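Novice: First the structure, which I've put down as structure tokens, then a few questions once you've had a look.
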Amino acid sequence: MIKTPYISVAVTLPVMQSYTYRVPDQLKAVCSPGMRVLVPFGRRRVTGYILSGQESCDGFTAKKILDVLDDHPLFPESQISFFKWISNYYIHPLGDVIKTALPSGFDRHDVSCVFVTRQGRHSLNNAKVTPGEAQVLESILQKESCTLKQLVKNSKNTTINALIRRMEKNDLITVSAVLKKDGATIKKEKFILCGDGPKTALRMSKKREKLLALVKKKQEISLTGLKAKIPTAPALIKPLAEAGYVKIIQRQVFRDPLGDPVEPDRPPELTAEQERVVRQVQDKSGQRFSPYLLSGITGSGKTEVYMRLVWDVIEKGRNAIVLVPEISLISQTERRFRARFGDKVAVIHSALSKGELLDQWRKIVLKKVKIVIGARSAVFAPFENIGVIIVDEEHDGSYKQETGLRYNARDLAVVRAKLNGCPVILGSATPSVQSYQNVVLKRFEELKLETRINRHPLPEIILVDLKNYKDARGSDRIITPTLAQAIRACLDQGKQALIFLNRRGFATFPVCMDCGKSLSCKYCDITMTMHKGHNEYQCHLCGYARSVNIKCPECGSKKIKLLGFGTEKVESMLKALFPDARLARMDQDSTSQKGATIKILKSIRNRNIDIVVGTQMLAKGHDFPSITLVGVICADLSLSLPDFRAGERTFQLLAQVAGRAGRGDTPGKVIMQTYNPEHFIIEASRKQDFFEFFQNEVPYRKALMYPPFSRMIQLKLSGNSAAKVKVYAATVAQVLKAMVEAQENQKDLVQVLGPIEASIPKISSRFRWQILVKSPSSAMLNQLIKSMMDNPKTKPKSGMRLIVDVDPYSLM
């Protein structure tokens with residue numbers, strides 16, 4: 001509870017500092033750090049988050065808060081220092097950091113809405129308005145009202161802003177601030193209890209008697225539960241309540257996103273390796289911050305180690321956070337944890353509805369659970385007294401958020417563990433170069449699991465040189481005879497096969513046969529992909545779609561040849577080659593609907609699928625004992641991308657997908673098709689040897705001063721005019737270079753690379769340039785970028801955008 005006359009508030013606006021507000025006497029008793037408040041900001045009302053109490057307001061007149069929006073804090077006070085660290089490191093507004101951390105929907109602010117006045121309706125009905133004014137009035141009346149932003153965005157009139165101002169002046173429309181409410185609400189349900197006794201006599205039918213007997217037996221039952229047994233319960237309850245036989249109360253209930261119930265399990269006996277790893281962590285837990293890298297080969301039992309460590313901290317009365325990279329992996333992980341820990345588990349990820357997410361968050365805040373499992377956003381779970389943080393598949397790029405607050409959840413897990421003084425375990429069969437370099441520098445302690453559970457051998461990996469099949473006909477160029485024979489043998493043994501290709505769609509390179517031009521997106525500098533299931537060409541960057549019957553935009557020809565291939569084409573080839581097999585495809589297209597991912601995974605687990613074709617969604621973490629064959633259609637796809645991490649990502653992806661084979665009693669086999677069988681990354685993948693890859697990769701990084709041998713910030717500049725973006729990028733680079741030159745201590749320690757046009761120059765009609773700034777000193781980089789952003793020359797003008805990406809994962 002706040003006892004001071006003033007509070008420090010972080011508002012949800014793009015401003016870096018916090019603000020001081022006065023607390024009215026009647027609200028002091030209900031104010032605490034971590035609660036939301038509605039505050040005046042300029043001429044608007046916005047949501048703010050209470051950070052702390054303040055005794056004074058430094059000589060200015062502080063405005064009063066308007067309202068307190070919560071009945072309890074949304075995050076513990078101890079988490080505020082974590083949010084401040086994030087804001088400072090990622091150079092991002094503190095209010096927006098907190099907003100990102102909380103479930104979506106926790107926001108109230110004024111929105112400018114446009115309404116038609118009585119004068120406006122009269123003028124429209126009597127045709128006393130111009131065609132442009134009529135269009136605006138009709139557009140608003142169709143929706144009763146609309147936001148000013150929507151009206152401007154949907155209009156094709158280039159002078160719409162001036163027109164709106166003139167119409168407002170002539171009293172045809174009015175623009176008013178409307179308070180936007182939360183997007184999610186607490187769910188309440190009616191519960192039926194026994195009454196105090198009948199006040200009036202009521203004729204008892206058989207259904208009423210049955211209902212009363214149920215209520216008496218249960219003492220308290222939800223209306224939903226009653227309806228399951230007596231469908232007409234809602235109609236029966238009202239007269240019974242009025243007569244005093246029963247009472248009706250409302251109570252908050254939690255929406256359950258956790259799928260099917262699971263059978264409790266018994267902890268298996270640990271192997272000697274697992275036991276050693278668990279003891280190593282337990283010996284230091286509770287004493288201080290201890291970062292570990294658990295490098296265990298695929299199938300070595302890392303998840304069981306995680307569960308033992310979580311069990312240990314829960315027994316000591318502490319809490320645990322478990323991060324997994326993909327939503328598709330959460331289902332498998334939460335099932336295993338629920339089987340062991342029951343209802344102590346909460347789940348946080350973006351596939352939940354706003355209401356489900358709100359309920360999970362409240363469960364954690366109200367201390368109804370001890371374990372949180374989730375994707376990257378789960379690192380913000382509002383826990384106090386954290387005993388361990390676990391990051392599974394720590395190498396995965398999904399931990400990096402690529403919009404808004406561009407944080408890396410793996411790195412934040414380490415920071416949060418340090419602030420909480422607890423162990424953090426980063427686990428992977430293919431660690432990131434960054435994490436392994438921390439082991440080399442003794443910043444992290446390495447834990448190793450070098451044998452598979454039950455001594456199952458690693459799969460045999462066979463390389464197939466695709467250059468030998470460049471002149472082959474039909475499907476042999478894509479599904480080589482070696483792979484086709486292996487799939488047939490696998491099916492004949494009654495086992496399952498996984499066919500991997502990290503490219504979705506049917507044809508990835510449609511080309512006009514007359515003029516030779518590829519069919520490109522109207523808004524992006526990228527070739528469109530043919531999707532046969534939707535019967536259209538799609539852009540994978542902006543979502544723009546074109547009909548399959550389109551003519552060539554360059555010459556008008558209808559002769560569009562479909563070159564290239566994706567998962568959809570591989571699936572159709574496999575159906576033709578193996579008509580007796582049950583096939584499924586798992587990629588972004590087939591899993592776009594809610595619940596589709598879990599449905600496919602369940603079908604694989606229940607052996608209802610013989611061959612599954614998938615992208616990287618299937619490549620990591622999944623445990624399917626009946627998959628004995630993995631086929632990699634083309635191992636080189638990501639090797640030639642213009643990104644210093646291209647080799648690392650390729651190795652990780654290939655080693656991970658190979659690890660899906662042979663996790664049961666039958667030995668596994670991997671057929672890896674490649675154009676570069678002699679490449680050191682392909683060879684290291686074949687041997688499943690991370691250390692060989694690391695030793696070959698590190699010299700390149702060191703020579704070019706790329707992470708982990710430097711820290712890096714990428715400046716992404718974009719706008720809707722190619723010439724203006726180019727000039728703006730040059731200005732920003734010039735300011736940066738002048739700042740570096742002006743500081744003697746920075747000249748040799750900071751590199752400014754660029755500006756250069758991005759590898760994809762245009763996305764969604766915005767032209768893109770980028771600048772890279774590198775230095776061994778993170779603090780020096782941070783200070784340089786903040787100074788650059790304060791320079792008036794670099795302030796983005798209308799239509800321009802400057803995005804700061806600290807520790808970028810991809811340079812594309």
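The values are calculated or read from the model by the stated rules, or taken from the named source; none is laboratory data. In this text the structure is predicted, and so the values were computed from the model without any measurement. Glycine gets a Cβ as well: all are built from the backbone with ideal geometry, and neighbour counts include every protein chain shown.
Novice: Quick one: which residue in Ile713, Ile760, Ile771 is part of a strand (DSSP E or B) and either surrounded by fewer than 16 Cβ atoms within 10 Å (Cβ to Cβ) or modelled with pLDDT under 95 (or both)?
Specialist: After applying the criteria, what remains is Ile760.
Novice: For region 684-738, give me each residue that is under 30 Å from Ser798 (Cα atoms), in contact with a Gly (Cβ under 8 Å, 6 or more places away or on another chain) and of a type in the set (S, T, N, Q).
Specialist: Result: Asn720, Ser721.
Novice: Continuing with this model, one more query. Count, please, the residues in region 674-711 that happen to be hydrophobic (A, V, I, L, M, F, W, C) and in contact with a helix residue (DSSP H, G or I) (Cβ under 8 Å, 6 or more places away or on another chain).
Specialist: Going through region 674-711 one residue at a time, the tally reaches 9.
Novice: Between Phe644, Phe578, which is surrounded by fewer than 22 Cβ atoms within 10 Å (Cβ to Cβ) and closer than 19 Å to Val464 by Cβ?
Specialist: Residue meeting the stated conditions: Phe578.
Novice: Then there's this: For region 366-485, which fully contained strands (runs of 3 or more DSSP E) count at least 3 residues that are within 31 Å of the chain's Cα centre (by Cα)?
Specialist: So the answer is 371-374, 386-392, 423-428, 445-449.
Novice: Which one of these does Phe509 not meet: (1) within 18 Å of Asp636 (Cα to Cα); (2) buried (at least 21 other Cβ atoms within 10 Å of the Cβ); (3) hydrophobic (A, V, I, L, M, F, W, C)?
Specialist: Only one criterion is unmet by Phe509, namely (2).
Novice: Hey, could you check region 679-708 for residues that are outside any helix (DSSP H, G or I) and either exposed (fewer than 15 other Cβ atoms within 10 Å of the Cβ) or among the β-branched types (Val, Ile, Thr) (or both) and say which is modelled with the highest pLDDT?
Specialist: Met705
Let's see how each residue does on (1) touching a His at 6+ places or on another chain (Cβ under 8 Å); (2) outside the structural domain of Pro93 (by TED's automatic domain parsing); (3) hydroxyl-bearing (Ser, Thr, Tyr); (4) in contact (Cβ under 8 Å) with a residue 40 or more places away in the chain:
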residue: Lys724; (1), (2), (3), (4): no, yes, no, yes
residue: Val735; (1), (2), (3), (4): no, yes, no, yes
residue: Ile756; (1), (2), (3), (4): no, yes, no, no
residue: Ser759; (1), (2), (3), (4): no, yes, yes, yes
residue: Ser764; (1), (2), (3), (4): no, yes, yes, yes
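Novice: Please go through region 142-156 and pick out each residue that is within 16 Å of Gly132 (Cβ to Cβ), modelled with pLDDT of 80 or more and not in a helix (DSSP H, G or I).
Specialist: If the condition is that a residue be within 16 Å of Gly132 (Cβ to Cβ), modelled with pLDDT of 80 or more and not in a helix (DSSP H, G or I), then Ser155 is the only one that fits.
Novice: Would you confirm whether or not region 214-223 contains a residue that is of a type in the set (A, V, I, L, M, F, W, C), in the same structural domain as Ala201 (by TED's automatic domain parsing), out of contact with any helix residue (DSSP H, G or I) (no Cβ under 9 Å at 6 or more places or on another chain) and more than 9 Å from Ile192 (Cα to Cα)?
Specialist: The answer is no, given that none of the residues of region 214-223 is of a type in the set (A, V, I, L, M, F, W, C), in the same structural domain as Ala201 (by TED's automatic domain parsing), out of contact with any helix residue (DSSP H, G or I) (no Cβ under 9 Å at 6 or more places or on another chain) and more than 9 Å from Ile192 (Cα to Cα).
Novice: I'm checking my understanding of the structure. Among residues of region 597-609 that are over 19 Å from Ile499 (Cβ atoms) and not in a loop (DSSP other than H, G, I, E, B), which one is modelled with the lowest pLDDT?
Specialist: Ile598
Novice: Condition (residue is surrounded by 14 or more Cβ atoms within 10 Å (Cβ to Cβ), modelled with pLDDT of 85 or more and part of a strand (DSSP E or B)) applied to region 214-221: is it met by at least one residue?
Specialist: Checked against the condition, which is being surrounded by 14 or more Cβ atoms within 10 Å (Cβ to Cβ), modelled with pLDDT of 85 or more and part of a strand (DSSP E or B), region 214-221 yields at least one hit.
Novice: Which one of the conditions (1) surrounded by 18 or more Cβ atoms within 10 Å (Cβ to Cβ); (2) on the phi < 0 side of the Ramachandran plot; (3) outside any helix (DSSP H, G or I) does Gly754 fail to meet, given that it meets all the rest?
Specialist: Only one criterion is unmet by Gly754, namely (2).
Novice: Hey, another quick one. Could you list, in sequence order, all residues of region 184-242 that are among the polar types (S, T, N, Q), over 41 Å from the mean Cα position of the chain (by Cα) and closer than 30 Å to Ser353 by Cβ?
Specialist: Across region 184-242, the qualifying residue is only Thr232.
Novice: Something else now. Could you identify the single residue in Ala472, Ala429 that is in contact with a Phe, Trp or Tyr (Cβ under 9 Å, 6 or more places away or on another chain) and either at positive phi or modelled with pLDDT under 95 (or both)?
Specialist: From the options Ala472, Ala429, the qualifying one is Ala429.
Novice: Okay, moving on. Can you say whether Lys558 is of a type in the set (D, E, K, R), in a loop (DSSP other than H, G, I, E, B) and modelled with pLDDT under 95, as far as the supplied structure shows?
Specialist: Taking the combined requirement at face value, the residue satisfies it.
Novice: A follow-up question, please. Are any residues in region 159-195 within 28 Å of Leu236 (Cα to Cα) and either assigned to a helix (DSSP H, G or I) or modelled with pLDDT under 80 (or both), and if so, which ones?
Specialist: Hits for region 159-195 are Ile186, Lys187, Lys188, Glu189.
Novice: Now for a separate question. Please state which one of Asp70, Asp25, Asp58 is surrounded by 15 or more Cβ atoms within 10 Å (Cβ to Cβ) and of a type in the set (Asp, Glu).
Specialist: Going through Asp70, Asp25, Asp58 in turn, just one is surrounded by 15 or more Cβ atoms within 10 Å (Cβ to Cβ) and of a type in the set (Asp, Glu): Asp70.
Novice: If I ask for residues that are buried (at least 23 other Cβ atoms within 10 Å of the Cβ) and either more than 21 Å from Arg336 (Cβ to Cβ) or without any contact (Cβ under 8 Å) to a residue 40 or more places away in the chain (or both), which ones from region 623-641 would you list?
Specialist: Thr628, Leu629, Val630, Gly631, Val632, Ile633, Ala635
Novice: Hey, another quick one. State all residues of region 118-162 that are under 13 Å from Val175 (Cα atoms) and of a type in the set (Lys, Arg); if no residue qualifies, say none.
Specialist: If the condition is that a residue be under 13 Å from Val175 (Cα atoms) and of a type in the set (Lys, Arg), then Lys149 is the only one that fits.
Novice: Return yes when Val612 is part of a strand (DSSP E or B) and within 19 Å of Gly533 (Cβ to Cβ) and no when it is not.
Specialist: For Val612, the condition - part of a strand (DSSP E or B) and within 19 Å of Gly533 (Cβ to Cβ) - is met.
Novice: I'd like the full set of residues that are within 17 Å of Leu811 (Cα to Cα) and part of a loop (DSSP other than H, G, I, E, B), limited to region 638-669.
Specialist: Matches in region 638-669: Ser638, Leu639, Ser640, Leu641, Pro642, Asp643, Phe644, Arg645.
Novice: Here are some conditions: (1) modelled with pLDDT of 90 or more; (2) in a loop (DSSP other than H, G, I, E, B); (3) touching a Leu at 6+ places or on another chain (Cβ under 6 Å). Gly621 meets all but one. Which one does it not meet?
Specialist: Unmet condition: (1).
Novice: Hey, another quick one. Pull out all pairs, ordered by first then second residue, where Cβ-Cβ is under 6 Å, the residues are six or more apart or on different chains, the first lies in region 40-65 and is in the same structural domain as Glu77 (by TED's automatic domain parsing) and touching a residue at least 60 places away in the same chain (Cβ under 8 Å), and the second is of a type in the set (D, E, K, R) and assigned to a loop (DSSP other than H, G, I, E, B).
Specialist: Thr47/Asp107; Thr47/Arg108
Novice: Another one. With the requirement that a residue be surrounded by 14 or more Cβ atoms within 10 Å (Cβ to Cβ) and either at pLDDT 90 or above or closer than 15 Å to Ile140 by Cα (or both), what does region 110-127 give you?
Specialist: Hits for region 110-127 are Cys113, Val114, Phe115, Val116, Thr117, Gln119, Gly120, Ser123, Leu124.
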